[in-house]
Amino acid sequence: MSKKQENAVYIGRKRTMNYCLVVVTIFNKGEEGCVIRARGRSISKAVDVAEITKRRFLPDIVEIADVAIGSEEIESDDGVKTVSTIDIVLKRKEAKK
């Protein structure tokens, strides 16, 4: 498994703070970055996780490096559905000299 996959947080049905604590834990372990991934209705929760982590828990440590949006086609009983996706990349801020 690649390093990027290890530091991915997949947003689902749990409470927002649970995901915030996972992201904080990743950065407290000394990692340089983390990817928050979500699709469909969980996208707004992913944005909340990124903003809460950045503003409340790690304001001097973390910044949003990149946001990628897209869509995936998922096969279901009703046929093929298109679902929106988002990847929010958080990274450790550069040390000021």
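Derivation of every value follows stated rules applied to the coordinates shown; laboratory data play no part. Everything quoted here is computed from the prediction, not taken from an experiment. Positions of Cβ are generated from backbone atoms using ideal geometry, with glycine treated the same way; all protein chains shown enter the neighbour counts.
Within segment 75-97, which residues are in contact with a Ser or Thr (Cβ under 8 Å, 6 or more places away or on another chain) and under 25 Å from residue 34 (Cα atoms)? Step through it out loud before you land on a result.
We begin by selecting, within segment 75-97, every residue in contact with a Ser or Thr (Cβ under 8 Å, 6 or more places away or on another chain); these are 82-85, 90.
Scanning segment 75-97 gives 83, 84, 85, 90.
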**Request:** Spot the failing condition for residue 35; the list is (1) surrounded by fewer than 11 Cβ atoms within 10 Å (Cβ to Cβ); (2) assigned to a strand (DSSP E or B), and only one is missed.
**Result:** (1)
**Asked** When segment 38-51 is examined, which residues are found to be assigned to a helix (DSSP H, G or I) and more than 17 Å from residue 93 (Cβ to Cβ)?
**Response** 40, 41, 42, 43, 44, 45, 46, 47, 48, 49
**Asked** Which of the residues that make up segment 52-97 are loosely packed, with under 10 Cβ neighbours inside 10 Å and outside any strand (DSSP E or B)?
**Response** 60, 77, 78, 94, 95, 96, 97
**Asked** Mind checking which residues of segment 70-97 are under 12 Å from the mean Cα position of the chain (by Cα) and either closer than 14 Å to residue 40 by Cα or of a type outside the set (A, V, I, L, M, F, W, C) (or both)?
**Response** 85, 86, 87, 91
**Item:** Enumeration of residues in segment 8-32 that are among the charged types (D, E, K, R) and either within 14 Å of residue 91 (Cβ to Cβ) or not in a loop (DSSP other than H, G, I, E, B) (or both)
**Value:** 31, 32
